[in-house]
1. For the peptides 192-199, 348-355, what is the packing order when you average, over each peptide's residues, the other Cβ atoms within 10 Å and list the highest mean first?
2. With the dipole of region 276-412 worked out from charges on the C-beta (+1 for Lys and Arg, -1 for Asp and Glu) around the Cα centre, which of Pro400, Ile279, Gln290 lies farthest toward the positive end?
3. Within the set of other residues whose C-beta is less than 15 Å from the C-beta of Arg141, count the net charge using Lys and Arg as +1 and Asp and Glu as -1.
4. Compute the separation of the alpha-carbon centres of region 83-112 and region 21-61 and state it in Å as a whole number.
5. Mind checking which aspartates and glutamates have their C-alpha under 15 Å from Lys317, skipping anything on the same chain fewer than 8 residues away?
6. Before anything else, pin down the relative contact order of the chain: Cα pairs under 8 Å, at least 6 apart, normalised by residue count, whole percent.
7. Please grab the % of Cα pairs in the chain that end up more than 42 Å from each other.
8. Please turn the phi angles of region 311-320 into ³J(HN,Hα) values with the Karplus equation 6.51 cos²θ - 1.76 cosθ + 1.60 (θ = phi - 60°), one per residue in order, whole Hz, x for glycine and proline.
Amino acid sequence: MAKSITIDKVFKVFGDAPEQALRLARAGVSKQQILERTGQSIGVFNASFDIAAGEIFVVMGLSGSGKSTLVRMLNRLIEPTSGRILVDGENINDYGDKRLRELRRKDISMVFQSFALMPHLSVLENTAFGLELAGVPRAERERAATEALAQVGLAGWEASYPDELSGGMQQRVGLARALAADPSILLMDEAFSALDPIIRTEMQSELLRLQESKRRTIVFISHDLDEAMRIGDHIAIMKDGHVVQVGTPDEILRAPADDYVRDFVRGVDAAAVFKASDIARQALTVISEQGDRGCRAALRILEDSDRDVAYVLSPRKHYLGTVSSQSLREALRGHQGALGLKNAFMREVVPLEANAPVAELYGAMVHAPCPLPVIDDAGQYLGVVSRTTLMRFLDRDTPPVLPEQPEVAPLQLNPQFPHQAAEPIVRAA
Ligand SMILES: Nc1ncnc2c1ncn2[C@@H]1O[C@H](COP(=O)(O)OP(=O)(O)O)[C@@H](O)[C@H]1O
Ligand SMILES: [Mg+2]
């Protein structure tokens, strides 16, 4: 079972006169000046936030901002100067030695940037090493290690030695070692930072895949916002020991808390982070209830509202097709009586998939005759993406995603139109 973590007013000052340093920090004196004046180093200043059970929580910030200090307090490799750290509601700072050892053995594993694998031990022995230290009997630890290696894609490599493995594979062994204890919390301190970009992306996917098969609470330290955005459910951004913002990737990109965060955000490849559904906007939609009519009503609505296109949905809001005044006129030309909307669907309008990254939409948008509808896996209509929306997205001076729009209800076409009733739309009662 994954566990939650609460960080409550946590401070860490390196040095023997923390009170003096904290007084200056509260008065707004910079970390650098405090160090110069007192010799005390502010590691973490008044951090408070919650990490939900089963989420990937990324802590990011420039080098020296306090990330490692923060994460090491979560298993008390570093003792906080003050404040509480709760794991599933229990204050781990109250733990005695025995309980603390248990916490480190059973609940929390840590993965570092470079794991010094032991060259004279096999991959299996390296993976089982932590369990061996914890006194787990041989058969049991080898079983756990074999399973952990399989989870990270290293089945078959058990008998190999570290120098036979690539850097990426060695990092997988490090991850397997952490997984072998089957921890509920995984602390990963820049675990992928030393890997080259392709291997790194692979490892990120691997981690997301592992999360799907078994959810753990992962606290992931990174100085790379692209990585943070890709894997993080929530992100905390640190600067000089302060937590300057906590939010979802979306919230941070939409509304950076200050210039420091804004500078981080500017460098992000937003087009890889955001999906079509994130940038979809409202548009004119009509509901097709009768398959054999609707063209005349829809044409009238478009003409009256001076619009070019309408998106046709089923009563359950599944996307059916797109009509334009031109496609409607062409379908109706020479036709007597009612005509179903499907006869006027624009064939060149191909919907965008909700999960497609924005970066993959450019090609489709270049040739699109109108804003393109976005639909999810189930065929549900989510909105449209226009070339204007895409241009705004690419403009780095505006937030990549526009604020939420109020939902515009689809128009109900009057099946009687144009005969018995004058109005093309059925008004809600
Ligand atoms: N053992 C220590 N003694 C003194 N200062 C330390 C110690 N560990 C970290 N610091 C200081 O705490 C600050 C945060 O360091 P760290 O948590 O390692 O940052 P990050 O992981 O974000 O690079 C830095 O200014 C660093 O110099
Ligand atoms: Mg660090």
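1. Sorting 192-199, 348-355 by mean packing, highest first, produces 348-355, 192-199.
2. Result: Gln290, furthest along the dipole toward the positive end.
3. Cβ neighbours under 15 Å give a net charge of -2.
4. Cα centres, region 83-112 to region 21-61: 21 Å.
5. Filter leaves Glu289, Asp376, Asp377, Glu407.
6. Rounded, it is 15 percent for the chain.
7. Numbers: 32126 of 91806 pairs.
Summing the P(r) of the chain above 42 Å gives 35 percent of all pairs.
8. 9, 9, 10, 6, x, 9, 6, 7, 6, 10
We did not get these values from a lab; they are worked out from the coordinates using the rules stated. Since we're looking at a predicted model, the values are computed, not measured. All Cβ positions, even for glycine, are placed from backbone atoms using ideal geometry, and neighbour counts span all protein chains on display.
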